[in-house]
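Below you'll find the structure, written out as structure tokens, and then a few comments.
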Amino acid sequence: MKYYAVLDTNVIVSAMLRWRSVPGSLLELVFDGVIVPVLNEEIVAEYRNVLARPNST
């Protein structure tokens, strides 16, 4: 069974910061093909904008 979901930018960032977490598990399901991300141009633009920001730490 496949699930379709919009993944908020916070999920992507949280997964990248801590893979062994709920957001990390969601991305693993995306990579395994269980979850199919639902995207449009605005979502992709937000991903690019947020992920291109300099690290504030």
Item to check | Kirkwood Rh (inverse of mean 1/r, distinct Cα pairs), the chain, angstrom | outcome: 12.0
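If you roll a 1.4 Å probe over the heavy atoms of the protein chains, what accessible area per residue do you get for the stretch 16-57, in Å²? Walk me through the numbers before you get to the answer.
Values: 3560 Å² over 42 residues.
Per residue, the stretch 16-57 has an accessible area of 85 Å².
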Checklist outcome for this item: Spelling it out for residue 35: with amide H atoms placed in the peptide plane at 1.01 Å from N, the residues 5 or more places away or on another chain with amide H under 5 Å from its amide H are 3, 30
Checklist entry - Round to a whole number: what % of the accessible area of the chain belongs to carbon and sulfur, probe 1.4 Å? => result 58
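The values are calculated or read from the model by the stated rules, or taken from the named source; none is laboratory data. Being a predicted model, the structure only gives us computed values, none of them experimental. Accessible surface is based on the protein model in full, side chains and every heavy atom, while ligands, DNA and RNA are left aside. Shrake-Rupley method; radii C 1.70, N 1.55, O 1.52, S 1.80 Å.
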